[in-house]
Amino acid sequence: MELVVIGSGSQGNSYILRNETDTLLIELGVNFKRIKKALNFNIIDVDGAIVSHIHSDHAKSIKEAVECGIDVYSGAETINATGIKSHRLKPVESKKAYKVGAFKIMPFDLRHDVPCLGFLIKHEDCGKVVFITDTYYSPFKFAGINQWIIEANYSQEILDGKDGYGSSKTFLRNRVMTSHLSIENCLSLLEVNDLSQTNNVLLTHLSDSNSHADQFKKLVENQTGKNVSVAETGLTIPFKKRPF
Amino acid sequence: MSTETKKTTEVAKKKQTDITSTVLKKVEAFQQAGELRLPKNYSPENALKSAQLMLSETTDKNGKAVMESCSRTSIANALLKTVVWGLSPNKGQVYFIPYAGKLECSVSYTGNIAIAKRYAGLKRIKANCVMKGDDFEFEVDNESGRKKIVHHKQTLESIGSEKIEGAYAVYELEDGTIDVEIMSFSQISKSWDQRQGNGLSPAHKNFPDQMAMKTVLNRACKLLVRTSDDSILYDDEDKNIDHTKEDVKHDVKQNANKDTIDIDDVEYEEVDDEVKSSEKTPESKDKTFEKPAKEKSENQEDPNQAKAF
């Protein structure tokens, strides 16, 4: 199984988790043409798409996906907010598990400025994947994760240095701090979890101005000793339960 | 009221009374030991009573009563500060701000004037705004270094320009000294940028002249108080607290990375179809995303009803 990054960041987020037979779309926040292209136009092979929340950098292609016959799983608030009526829109609840083709998915609540879900995903090929984005902390720890797809939006140090408290950008700064995951909180989440089964840590949704990809990668590598990547368009990484 | 809510309210009330009586006892102990002299016309009992009433109605950003969400020590400290400064919450001289599970006591500009009058020999103080088109001139006295307004002429036209160029506060001390604190609008703006919160408040946007006068009054009074003999009482009042950062830190400490969840522990559910779900959650739909639309439709209904009558 492999993970393909179609887009990551405030310009749009979308990922494909797939092997020869099974495909799961994670987020629909980029132009649908790009998603189709990344799927090699094999839309029929898509088992479903999971969407964290309504903001357009995560949800803008829901309509097209549904029209193409893809089942889209998200929270009821997010589905209602799309204004679309379709049997392809599947409302899911926190801490309940659902079957999407050969994938098992389990959403859980996150802390953003609108209702937002993270997802646990299980497939025999890649093992357990956790997907966390757009939250200022994770309320949960996770058992036996093989692959982490986790937001590392900003560094508190960079944010404080650039737009310190009292600067004219206080509003933006406060919004970032109460809706996105800092590298510091990302590291503490990884620290308290058992990473003995973990093969990959993929850092996503890095801010254009408040992050530093190389530094973030090093920090996580040093702390975890795992294979760490920073998501960028076109990146493909093997997501295998057993690395060898 | 459900039994549970009733119980919580009772607990909060009891906590409130406990804290105020503890603070009162402490104040009395300070007074008896000669460590604290309160102004003659000031009643700590009344101040604490009004603080108690105010706190019972104050909620934090999550809508939770501060008496429950803030630590006991921080509430006691906030109340103690109020009394030590000799301020009255019911006169708007202090207000209470909850953040990161703590309660902070913040002095308003009227509170600053009261403190300056009490402890720093302030006799009178008056602030004015300088508007675009005003004829305003000030000078610095070579010997004393004090500023002096030479003249300030306003016209209805200049007041109406609504463009603030600065503000000043003229004050007289008990010993007859007259001085003035002057701030340009860029200095005032910088001071507003230090404010907690998301940008300028509606008050700053709609009544910038009033807010500019408050800013210059605060600056004048704080300088006076800090140089007075009782300045020690006033030490940490002006520190800038980064409330959002503190709140986030507190939230993360309290709530992050707690329970472990495992996908293996949960059996599959059948997904409800879309129609069923929107029937199930009409309230959350309105609350979360379509509030403005809903309010609009309600407003539209009102005039129709009026016509019907």
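The values are calculated or read from the model by the stated rules, or taken from the named source; none is laboratory data. These numbers come from a predicted model, not from an experiment. Quick reminder, even Gly has a Cβ in these numbers, built from the backbone with ideal geometry, and neighbours come from all protein chains shown. Ligands, DNA and RNA are excluded from the accessible area calculation, which covers all protein heavy atoms including side chains. Shrake-Rupley method; radii C 1.70, N 1.55, O 1.52, S 1.80 Å.
It is to be established whether one or more residues within region A:157-165 are of a type in the set (S, T, Y), within 11 Å of chain B (Cβ to nearest Cβ) and closer than 16 Å to B:T244 by Cβ. Yes.
Scanning region B:153-178 for residues that are over 30 Å from the mean Cα position of the chain (by Cα), surrounded by 15 or more Cβ atoms within 10 Å (Cβ to Cβ) and in contact (Cβ under 8 Å) with a residue 24 or more places away in the chain turns up just one, B:S158.
Going through (1) modelled with pLDDT of 95 or more; (2) under 24 Å from A:I54 (Cβ atoms) one by one, A:K128 falls short only on (2).
All told, A:L187 meets the bar of being touching a residue at least 24 places away in the same chain (Cβ under 8 Å), assigned to a helix (DSSP H, G or I) and in contact with a helix residue (DSSP H, G or I) (Cβ under 8 Å, 6 or more places away or on another chain). Note on region A:139-151: among residues that are more than 10 Å from chain B (Cβ to nearest Cβ) and in a strand (DSSP E or B), the one that is nearest to A:K241 (Cα to Cα) is A:Q147. Looking at region A:34-43, can you tell me whether even one residue there is touching a helix residue (DSSP H, G or I) at 6+ places or on another chain (Cβ under 6 Å) and in contact (Cβ under 8 Å) with a residue 24 or more places away in the chain? Within region A:34-43, not a single residue is touching a helix residue (DSSP H, G or I) at 6+ places or on another chain (Cβ under 6 Å) and in contact (Cβ under 8 Å) with a residue 24 or more places away in the chain.
The criterion of at least 3 residues that are surrounded by fewer than 15 Cβ atoms within 10 Å (Cβ to Cβ) and modelled with pLDDT under 90 is met, among helices (runs of 4 or more DSSP H) falling completely within region B:44-124, by B:44-56. Scanning region A:120-138 for any residue that is assigned to a helix (DSSP H, G or I), within 11 Å of chain B (Cβ to nearest Cβ), out of contact with any Cys (no Cβ under 9 Å at 6 or more places or on another chain) and without any contact (Cβ under 8 Å) to a residue 60 or more places away in the chain turns up nothing. Within region B:244-260, restricting attention to residues that are farther than 26 Å from B:Q194 by Cβ and within 9 Å of another protein chain (Cβ to nearest Cβ), which residue is least open to solvent (accessible area, probe 1.4 Å)? Restricting to residues being farther than 26 Å from B:Q194 by Cβ and within 9 Å of another protein chain (Cβ to nearest Cβ), the top hit is B:A256. Of the residues screened, A:S229 is one that is open to solvent by less than 20 Å² (accessible area, probe 1.4 Å) and hydroxyl-bearing (S, T, Y).
The rows are residues; the columns are (1) modelled with pLDDT under 95; (2) closer than 25 Å to B:A256 by Cβ; (3) out of contact with any strand residue (DSSP E or B) (no Cβ under 7 Å at 6 or more places or on another chain); (4) within 7 Å of chain B (Cβ to nearest Cβ).
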{"site": "A:D45", "(1), (2), (3), (4)": "yes, no, no, no"}
{"site": "A:I50", "(1), (2), (3), (4)": "no, yes, no, no"}
{"site": "A:H58", "(1), (2), (3), (4)": "no, yes, yes, no"}
{"site": "A:S61", "(1), (2), (3), (4)": "no, no, yes, no"}
{"site": "A:D71", "(1), (2), (3), (4)": "no, no, no, no"}
{"site": "A:E77", "(1), (2), (3), (4)": "no, yes, yes, yes"}
{"site": "A:L117", "(1), (2), (3), (4)": "no, yes, no, no"}
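Residues that are open to solvent by 80 Å² or more (accessible area, probe 1.4 Å) and either under 19 Å from A:G118 (Cα atoms) or among the polar types (S, T, N, Q) (or both): does region A:235-244 have at least one? No, the conditions are met nowhere in region A:235-244. The helices (runs of 4 or more DSSP H) found entirely in region A:7-115 that carry 3 or more residues being crowded, with 22+ Cβ neighbours inside 10 Å are A:76-82. For region B:188-199, the criterion of being of a type outside the set (K, R), modelled with pLDDT of 90 or more and in contact with a strand residue (DSSP E or B) (Cβ under 9 Å, 6 or more places away or on another chain) is satisfied by at least one residue.
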